[in-house]
1. Hey, residue 96 hits all of (1) within 12 Å of the ligand (Cβ to nearest atom); (2) closer than 29 Å to residue 142 by Cβ; (3) surrounded by fewer than 16 Cβ atoms within 10 Å (Cβ to Cβ); (4) of a type in the set (S, T, N, Q) but one; which does it fall short on?
2. Considering each residue of the range 112-132, count those that are surrounded by fewer than 17 Cβ atoms within 10 Å (Cβ to Cβ) and away from the ligand (no atom under 16 Å from the Cβ), and give that number.
3. Can you name every residue in the range 35-59 that is within 23 Å of residue 165 (Cβ to Cβ) and crowded, with 22+ Cβ neighbours inside 10 Å?
4. Considering each residue of the range 14-50, count those that are in contact with a helix residue (DSSP H, G or I) (Cβ under 9 Å, 6 or more places away or on another chain) and touching a residue at least 40 places away in the same chain (Cβ under 8 Å), and give that number.
5. If you scan the range 45-70, which residues turn out to be under 19 Å from the mean Cα position of the chain (by Cα), under 17 Å from residue 103 (Cβ atoms) and not aromatic (Phe, Trp, Tyr)?
6. Quick check on my filter: what residues within the range 91-140 are assigned to a helix (DSSP H, G or I), over 17 Å from residue 166 (Cβ atoms) and charged (D, E, K, R)?
7. What are the residues in the range 1-12 that are surrounded by fewer than 17 Cβ atoms within 10 Å (Cβ to Cβ) and either in a strand (DSSP E or B) or more than 8 Å from the ligand (Cβ to nearest atom) (or both), if any?
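Bear in mind these aren't lab numbers, they're just calculated from the coordinates by the rules spelled out. Only a predicted model underlies this, so the values are computations on that prediction, with no experimental measurement involved. Using ideal geometry, Cβ is built from the backbone for each residue, glycine included, and neighbour counts are taken over all protein chains shown.
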Amino acid sequence: MTRITLVKGDITAETADAIVNAANSSLLGGGGVDGAIHRRGGPEILAACRALRASHYGKGLPTGQAVATTAGNLHAAHVIHTVGPVWSASLDRSEQLVSCYRESLRVAAELGARTVAFPAISTGVYGWPLDDGARIAIRTVRQVAGPPVEEVRFVLFDDRAYAAFADALAD
Ligand code: AR6
């Protein structure tokens with residue numbers, strides 16, 4: 001059984017085998033978690049992302065997919081970049097958000113990661129409602145996480161996000 005834990009804080013300060021980045025399809029950085037990961041992780045991560053763009057993702061990483069790079073100076077072996085969907089009130093894009101968690105965990109397992117830290121994907125710049133984003137995250141991890149992943153840690157930036165994940169976990 002994979003353990004699900006919640007902590008409040010900055011994901012770039014975490015120690016884990018893999019840290020998941022809420023990236024955009026360019027893989028070339030941005031704001032939010034993405035900006036923080038590149039700032040604190042250093043230029044090695046961007047160099048690896050550029051190489052991936054050149055070798056595999058000329059048109060960018062599609063929404064819902066995940067790919068790993070070095071973690072540079074972070075206290076992790078890998079950063080797993082995934083692209084969340086932008087929230088839409090008229091289109092149900094929740095399968096794409098499910099896919100971000102599922103694909104990130106698939107990549108983590110392939111890498112042999114035992115501990116994986118996730119941010120609340122899509123709930124910042126991409127506008128996904130926090131309660132729904134938390135429910136999807138917890139439900140998907142419960143459904144798909146397994147060996148070698150022993151711990152999935154959600155690293156929530158503020159009290160509101162922490163409370164949403166705690167509620168989803170208690171359900
Ligand atoms: N540690 C943990 N959580 C954080 C951190 C941090 N250092 N910084 C922000 N959060 P976002 P998205 C929370 O916007 O919605 C970027 O520009 C934040 O409060 O980082 O998937 C990318 O390049 C929120 O709850 O990601 C894309 O263009 C959650 O992390 C776009 O934003 C996700 O917020 C992706 O948007």
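1. Failed condition: (3).
2. 2
3. Result: 37, single match.
4. Count: 12.
5. Correct list: 49, 52, 60, 61, 62, 63, 64, 65, 66, 67, 68, 69.
6. 95, 102, 103, 106, 110
7. Correct list: 1, 3, 5, 7, 8.
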